[in-house]
Amino acid sequence: MSKIKFSVLGFGRIGQRHAKIINEYEDSELISVVDTDPAQLEATQSLDLSPKKYTSIEDFLAHDKLQSEVVNIATPNGFHTDYAIKLLEAGYHVVIEKPMGLSLESCEKVLSTMIETGKQAFVVKQNRYSPPSLWLKEVVSENILGEILMVQTNCYWNRDQRYYSTSDWRGTRYLDGGALFTQFSHFIDLLYWVFGDIKNVKSVIKNFTHPDLENFDDSGFAQFEFLKGGIGSLNYSTSCWDKNMESSITVVGTKGSLKVGGQYMNEIEYCHIENYEKPDLPETNPPNDYGPYKGSAANHHYVIENVVNALKGQESATTNVFEGMKVVGFIEKIYRAGGFIK
């Protein structure tokens, strides 16, 4: 079968990663890249890429004329849903980097546009591919832990001036959205994917160490109940000094307890379950390395492979639009309970 043809909208660090993986994967082909900053487009040379280059989505739409089948959206967060709608209406499938959007309302518009156009939309949640995440999903789904009583999630990272000085959109309410959208939406996705939606949310949201960022958070506590039963909490901060500290999920069930931890939920730290032996998992891929700070697992190649296979009818989307939308709703519930949004 022929290769699936891609273009990438937004050519910063993540967009460049998308483009490089698309170019290297045997079943996909990189057609073009788009960025409003011409200097960003020069990175194609250092990455040994030779796509067509455009400096606006309008220029891309005027000239591509559906040569590409899929457009990967890797722009600042606040543009994700608007661009997704525009591209779906123009006849393209889309791959939306996390977060899917910054409001549940905007994500619902993407879903309705996808249904109206008959095109597909995928949401990037690459942590689902990490071996500890897949194991956690299996243990809970197969009732190995019994009834889920309590889930505690801790995310303690560093995002200081070294991070926020690299782009003028970072740390802004309407383009970045907040720490839960940009830094921790992958881990909230795992909470939703494994344990389901939440209710009765109580939260406290603070900005302790980023006084230059207005209407923005760096730390918070949230408590909630799962619709399926059990209680949960999320404790997060980007105020850790110098480097990331921890990303973990601790689960207490009627048949045992476990903790998936490490800096990026990359290892099983504790497992004590009735009549169950902890498996030896494959090593988790290292985190995305951005110099002074690090992100989540480098699993984007699995995302591109899944998009290709889904479009060829060989498998379903790992993260569909409905799930991406529910994660945004999960975040909104926490922020609204803490008075961060109305």
Problem - Dipole axis of the range 4-126 (+1 Lys, Arg; -1 Asp, Glu on Cβ), positive-most option in L102, F79, S28 - result: L102
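Taking the Cβ of N143 as the centre, find all other residues whose Cβ is under 13 Å away and add up their charges (Lys, Arg: +1; Asp, Glu: -1).
Details: positive: K137, K228, K255; negative: E138, E142, E147, E274.
Within the 13 Å Cβ shell, the charges total -1.
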Practice task
Under a 10 Å cutoff between Cα atoms, tell me which one of D242, D197, D218 has the largest fluctuation in the Gaussian network model of the chain.
Solution key: D242
Handout entry: Helical mean residue ellipticity (222 nm; -39500 (n - 2.57) per DSSP H run of 4+; nearest 500) of the chain
Key = -9500 deg cm²/dmol
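Let me spell out the model: positive unit charges on the Cβ of Lys and Arg, negative unit charges on the Cβ of Asp and Glu, origin at the Cα centre of the range 207-323. What dipole size does that give, in debye rounded to 20?
Magnitude of the dipole: close to 300 debye.
Contact order normalised by length for the chain, with contacts defined as Cα pairs under 8 Å and 6 or more residues apart; what percent is it? Numbers along the way, then the final one.
Numbers: 705 pairs, mean separation 62.8, N = 342.
Here the relative contact order equals 18 percent.
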Exercise for the section: Mind listing the long-range amide H neighbours of D217? Cut-off is under 5 Å, sequence gap 5 or more, other chains count too, H placed in the peptide plane at 1.01 Å from N. Expected result: A179
Problem - Among [x] 19.8, 62; [y] 21.0, 61; [z] 34.4, 132, the entry derived from the coordinates for Rg and Dmax of the Cα atoms in Å - result: [x]
Fill in the blank from the handout: The distance between the Cα centres of the range 16-82 and the range 251-290, in whole Å, is 36 Å
Problem - Packing-based order for 64-71, 257-264, using average beta carbon neighbours within 10 Å, highest first - result: 257-264, 64-71
Exercise for the section: Calculate how steeply helix 104-117 sits against the longest principal axis of the alpha-carbon atoms of the chain, using the helix alpha-carbon long axis, and give the answer as 0 to 90 degrees to the nearest 10. Expected result: 50 degrees
Problem - the range 78-201: C-alpha gyration tensor shape, a/c 1.5 cut-off, then a/b vs b/c - result: oblate
Handout entry: Over the range 86-146, relative contact order from alpha-carbon pairs under 8 Å, at least 6 apart, %
Key = 35 percent
Exercise for the section: Measure up K206/K243; K119/K326; K109/K312 against 22 Å on the Cα-Cα distance and list the ones that go over. Expected result: K109/K312
Practice task
Give, as a single signed number, the net charge of other residues whose beta carbon lies under 10 Å from the beta carbon of K326, with Lys and Arg counted +1 and Asp and Glu -1.
Solution key: -3
Practice task
Using Cα pairs closer than 8 Å and at least 6 residues apart in sequence, work out the relative contact order for the range 11-107, in percent.
Solution key: 23 percent
Exercise for the section: Just add up the charged neighbours of N154: K/R +1, D/E -1, any other residue whose Cβ is under 14 Å from the Cβ of N154. Expected result: -1
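The numbers here are math on the coordinates, done by the rules we state, and not lab data. Not measured: the values here are computed from a predicted model. Don't worry about glycine lacking a Cβ; one is built from the backbone with ideal geometry, like all the others, and counts go over all protein chains shown.
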